[in-house]
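Participant: Here it is, the structure, as structure tokens.
The values are calculated or read from the model by the stated rules, or taken from the named source; none is laboratory data. In this text the structure is predicted, and so the values were computed from the model without any measurement. Note: ideal-geometry Cβ built from the backbone for every residue, glycine included; neighbour counts use all protein chains shown.
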Amino acid sequence: MKIQNKSKWDTDELRDFFRLVFKKEGISPKRYNITVMNTRFPRKDCCTGCAYLHSKTLTIRLPTMERVMGSDGFSRCVDSEVMPIPKTVAQALAHEIHHTIGYQHREMIKSEDILTPENLPVIHKKKRKINPKRNFVKERYEHAKKKLLEWQRKETRAMKLRKKWAKKVGYYEKKGT
Ligand SMILES: [Zn+2]
């Protein structure tokens, strides 16, 4: 299973989750190419997907926001630390897997209880790569040292060449040309 992950969720955790769904559906995830993206509807906690019939290629768009009930009685979507509605995601993935093995909508049976609450995974956000703090002053110092060495070498070489040509000029001048 190859995952191209453009979503905000952790790739390794998604892979384990997807494997679980494939297993539940009794289908091997081998040679599947899965593109994972963020949902087009960030204000909704929904999951959509698309797949080609008789293929090993599918795309799944994952929810990014979590719906919570505010104290004012209105629900709203907020940024979520863990992937919301994994059950819905599992169902959406199962649906797309069914397309890849050739099922069209009229032939499909909805995968109701694809995963039980106990084996619903927790998917976290991708870990941010920690950029080691760059020391720009030190970097510029090192760069300046390198440049100095470079021009010292050029200076030495220029001095040698100047001497060489001065000697030649001296030689011809002595000959009285
Ligand atoms: Zn469909």
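Participant: Cβ contacts < 6 Å: first residue under 23 Å from PRO29 (Cα atoms), restricted to the range 75-102; second residue among the small types (Gly, Ala, Ser) and within 16 Å of the ligand (Cβ to nearest atom), any location; separation 6+ or different chain. Result?
Facilitator: GLN91/SER111; ALA92/GLY49; ALA94/SER111; GLU96/GLY49; GLU96/ALA51; HIS99/ALA51; THR100/ALA51; THR100/SER55
Participant: Pick from GLY102, GLY73: which is out of contact with any strand residue (DSSP E or B) (no Cβ under 7 Å at 6 or more places or on another chain) and surrounded by 10 or more Cβ atoms within 10 Å (Cβ to Cβ)? Outline the logic, then answer.
Facilitator: Numbers: GLY73 fails: surrounded by 10 or more Cβ atoms within 10 Å (Cβ to Cβ).
The conditions single out GLY102.
Participant: Also: SER80 passes all but one of (1) crowded, with 17+ Cβ neighbours inside 10 Å; (2) among the polar types (S, T, N, Q); (3) within 11 Å of the ligand (Cβ to nearest atom); which number fails?
Facilitator: All conditions are met except number (3).
Participant: Give the range 9-36 a look and list any residue that's more than 23 Å from MET108 (Cβ to Cβ) and either within 16 Å of the ligand (Cβ to nearest atom) or crowded, with 17+ Cβ neighbours inside 10 Å (or both), or say none. Steps first, answer last, please.
Facilitator: Of all residues in the range 9-36, those more than 23 Å from MET108 (Cβ to Cβ) come to 9-16.
Of everything in the range 9-36, those that are more than 23 Å from MET108 (Cβ to Cβ) and either within 16 Å of the ligand (Cβ to nearest atom) or crowded, with 17+ Cβ neighbours inside 10 Å (or both) turn out to be TRP9, ASP10, GLU13, LEU14, ARG15.
Participant: Answer with yes or no whether LEU161 is more than 16 Å from the ligand (Cβ to nearest atom) and assigned by TED's automatic domain parsing to the domain that holds ASN38.
Facilitator: Working: more than 16 Å from the ligand (Cβ to nearest atom): yes; assigned by TED's automatic domain parsing to the domain that holds ASN38: no.
Against the criterion (more than 16 Å from the ligand (Cβ to nearest atom) and assigned by TED's automatic domain parsing to the domain that holds ASN38), LEU161 does not qualify.
Participant: Tally up the residues in the range 56-84 that are of a type in the set (Ser, Thr, Tyr) and modelled with pLDDT under 95, please. Walk me through it before giving the result.
Facilitator: Of all residues in the range 56-84, those of a type in the set (Ser, Thr, Tyr) come to 57, 59, 64, 71, 75, 80.
Subsequent filtering for residues that are modelled with pLDDT under 95 retains 64, 71, 75, 80.
Residues that pass the stated criteria total 4.
Participant: So how many residues does the range 106-119 have that are modelled with pLDDT of 85 or more and either within 12 Å of PHE18 (Cα to Cα) or away from the ligand (no atom under 16 Å from the Cβ) (or both)?
Facilitator: Kept after step one, since they are modelled with pLDDT of 85 or more, are these residues of the range 106-119: 106-107.
Now drop any that are not either within 12 Å of PHE18 (Cα to Cα) or away from the ligand (no atom under 16 Å from the Cβ) (or both), which leaves none.
Within the range 106-119, residues that are modelled with pLDDT of 85 or more and either within 12 Å of PHE18 (Cα to Cα) or away from the ligand (no atom under 16 Å from the Cβ) (or both) number 0.
Participant: Restricting attention to the range 120-141, which residues are in a helix (DSSP H, G or I) and surrounded by 10 or more Cβ atoms within 10 Å (Cβ to Cβ)? Reasoning before the result, please.
Facilitator: First pass over the range 120-141, keeping only residues in a helix (DSSP H, G or I): 136-141.
Once the filter is applied, which keeps residues that are in a helix (DSSP H, G or I) and surrounded by 10 or more Cβ atoms within 10 Å (Cβ to Cβ), the range 120-141 yields GLU139, ARG140, TYR141.
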